[in-house]
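> There's a structure below that I have some questions on.
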Amino acid sequence: KLVLRSFFMIGSVLTTLQTRFIVSSLSLNARRLIHRSALTQLPAKGGRVSNAVVDKDVLSKTSGKGSEEKRPMLNTNPPKGTRDFYPEDMRLRTWLFDQWRQIANKYAFSEYDAPVLESEALYTRKAGEEVTQQLYNFVDKGERAVSLRPEMTPSLARMVMAKKGGLTLPLKWFSIPQCWRYERMTRGRRREHFQWNMDIWGVSGVEAEAELLGAMVSFFEQIGLTSSDVGIKVSSRLLIGELLSKLGIPEEKFAATCVLVDKLEKVPIDAIQGELEELGLDKSVIETLTDLMAKKSLDSLRPVLGEESEAIKQLEELFTLCDGYDITDWIMFDASVVRGLAYYTGVVFEAFDREGELRAIAGGGRYDKLLETFGGDQTPACGFGFGDAVIVELLKERSILPSFESSGFDTVVFALKPELYNNAIKIATRLRAAGQSVDVVLEKKKPKWVFKHADRLGVRHCIVVAPDEVENGEVAIKDMSTGEQTLVEINKLEDWAALQ
């Protein structure tokens, strides 16, 4: 009896060990299912059951093979208001960014960048700015209130403050950030966009604004636009301040009033009645102000502001400097330009489509007090922002946007036989070292497919690595535009590449 009992005990232990080995090799979900299955088989009055009790369907439950439930189809659209950039789109974007960088370099601006995620406090200013209501903001896992940047200027101000006077002024910096605003979408307006920012810090005179306007016009001319396509409206917050003083509006309400006036281009005056009442302004005051701001010449405002108007003197000096830049055909005075950001303090300007089909192309101005609002010292500064979406729409309208269907690559290299693939690699390597962009056909393909592939890429040449030619130390090079084929010695490929 003792022997038999020992035998059964050993068998039970072996069975248990075997079962535990099997279970331990299963996934976590499978082991959980086994555990639940074992619990359902417990005796009604308690006791234990064997660890070897296994759910017969556990493999199908964990592998997914036995499941008839289909996964929902992935929504392949990007989030509303955003874009995917396929290779052709990226070529357009790269081209545009290159144009911006070339102009910035011509005017000796240095490039900088900052995080796309910033502290929310950087943007939650007062004065009823729309940007405060358009933030992509949230509280992160560290309980910090953060936001995707809606504009770049506050980040620039933060960076300047971080150096605590350690930067040598004047600064001439530029950036091409991606910005985010949750706003109503229209043609040329999305919820994310890239923006060319050019800023000058440390220059208090309008020489800085003239330099910025000169750079903006240089860009327009470089991409094929003329002053008949685009104009730049110029005014000054000083001018608006003088008008507000004449109307009896206190200085502390100037910035908030400018923001409301800017909204009148988009909504009727009745739509901002509540905001007017909050500021203690009568509707008649705003109507009088908008009538005065409809003036299109400085001379028409002299009787109102007087001959000693600082605003008029400032703008006249700016227009004189614009003549030196030879951009007067592009520039026009328009008192209605105020810009919607409360931090502007002086000259403001806005580039527009003269045909009136599109919204503002670019805009900017002086913001001498921005650093002060963050607790820093008042520092003279001005700049502009230039979005990517509207300018592309304008170039399409004028039919002068370049084509980006071609890949921009130079040559396709193709081995006619698999055993010649190493030869093809060596040839491609030599051409790449010579400065060409080369696509090697990585799989076994028929010549017909290769030539169609070369056409799709828009390359100029296709090199066929064939047995007879390789034996003679040559390759056949097909000109994709003419169809002509020539033989070139492999050792002279660098010379051939230099002539292309």
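> Skipping prolines and chain starts, which residues have an amide H placed within reach, meaning under 5 Å, of the one on residue 346, given they are 5 or more residues away or on another chain?
Residues meeting the amide H criterion: 237, 366, 368.
> Calculate the spin-label point distance for residue 481 paired with residue 494, positioning each point 7 Å from the Cα along the beta-carbon direction, and give it in nanometres.
In this crude spin-label approximation the distance works out to 2.6 nm.
> Further, regarding this structure: Explain nothing, just the number: relative contact order of the stretch 455-500, from Cα pairs under 8 Å at least 6 residues apart, as a whole percent.
Relative CO of the stretch 455-500 lands at 29 percent.
> I'd like the Karplus ³J(HN,Hα) series for the stretch 238-254: coefficients 6.51, -1.76, 1.60, θ = phi - 60°, whole numbers in Hz, and an x wherever there's a Gly or Pro.
5, 4, 5, x, 5, 5, 5, 5, 4, 8, x, 8, x, 4, 5, 9, 4
> Right, another one. Counting only other residues whose beta carbon sits under 15 Å from that of residue 394, what net charge do I get with K and R as +1, D and E as -1?
-3
> Let me ask something else about it. Would you mind checking which residues have amide H under 5 Å from residue 415's amide H? H placed 1.01 Å from N; only 5 or more apart, or other chain.
The answer is 441, 465.
> Residue by residue, what Karplus-based ³J(HN,Hα) values in Hz, rounded to whole numbers, does the stretch 321-327 have, using 6.51, -1.76 and 1.60 with θ = phi - 60° and x for Gly and Pro?
Each residue's phi maps through the Karplus curve to give 5, 4, 5, x, 7, 6, 10 Hz.
> What figure in square angstrom, to the nearest 10, would you give for the accessible area of residue 416 with a 1.4 Å probe?
70 Å²
> Would you please give the residues with an amide H less than 5 Å from that of residue 437, counting only those at least 5 places away or on a separate chain, with H modeled from the backbone geometry?
410, 411
> Determine which lysines satisfy two conditions relative to residue 70: a Cα distance under 24 Å, and not lying fewer than 8 residues away in the same chain.
Candidates past the 8-residue exclusion: 56, 61.
> May I ask you to list the lysines whose Cα is less than 24 Å away from that of residue 417, ignoring any residue fewer than eight positions away on the same chain?
426, 444, 445, 446, 448, 452, 478, 492
> With the Cα gyration tensor of the stretch 132-251 giving a ≥ b ≥ c as the square roots of its eigenvalues, does the rule (a/c under 1.5 for rounded; else a/b larger than b/c for prolate; else oblate) give rounded, prolate or oblate?
Cα axes put the stretch 132-251 in the rounded bin.
> Can you give the local net charge around residue 241? Use residues other than it whose beta-carbon is closer than 12 angstrom to its beta-carbon, Lys and Arg +1, Asp and Glu -1.
-1
> Once fully extended, how much extra length lies between residue 409 and residue 329, figured as 0.36 nm per residue of separation less the alpha-carbon to alpha-carbon distance?
That works out to 24.8 nm of additional length.
> Spin-label point model (7 Å from Cα, Cβ direction): what's the residue 185 to residue 120 distance in nm?
Each label point is offset 7 Å from its Cα along the Cβ direction, giving 2.5 nm.
> Please give every one of the lysines within straight-line cross-link reach of residue 106, meaning a C-alpha to C-alpha distance under 30 Å, and leave out same-chain neighbours fewer than 8 residues apart.
By straight Cα distance, residue 106 reaches 163, 164, 172, 233, 313, 369, 396.
> Right, another one. At 7 Å along the Cα-to-beta-carbon direction for both residue 316 and residue 73, put a label point, then send me their distance in nm to one decimal.
6.8 nm
> I've got another one for you. Expressed as a whole percentage, what fraction of the accessible surface of the stretch 88-197 belongs to carbon and sulfur atoms when a 1.4 Å probe is rolled over the protein heavy atoms?
51 percent
> Give the peptides 400-408, 453-461, 358-366 in descending order of average Cβ contacts within 10 Å, highest first.
Averaged packing, sorted descending, gives the order 358-366, 453-461, 400-408.
> To the nearest Å, what is the center-to-center distance of the stretch 311-387 and the stretch 68-139, using C-alpha atoms only?
For the stretch 311-387 versus the stretch 68-139, the Cα centre distance is 23 Å.
> For the stretch 393-400, what does the Karplus curve 6.51 cos²θ - 1.76 cosθ + 1.60, with θ = phi - 60°, yield as ³J(HN,Hα) per residue in whole Hz, taken in order and with x for Gly and Pro?
Couplings: 4, 5, 5, 5, 4, 8, 6, 10 Hz.
> By how many nm would the segment from residue 282 to residue 433 grow when fully extended, if each residue of separation counts as 0.36 nm and the alpha-carbon distance is taken off?
47.1 nm
The values are calculated or read from the model by the stated rules, or taken from the named source; none is laboratory data. Just so you know, these numbers come straight off a predicted model, no measurement behind them. Cβ sites come from the backbone with ideal geometry, for glycine too, and all protein chains shown count toward neighbours. The protein model used for the area step is the full one, side chains on, heavy atoms only, and it has no ligands, DNA or RNA in it. Shrake-Rupley method; radii C 1.70, N 1.55, O 1.52, S 1.80 Å.
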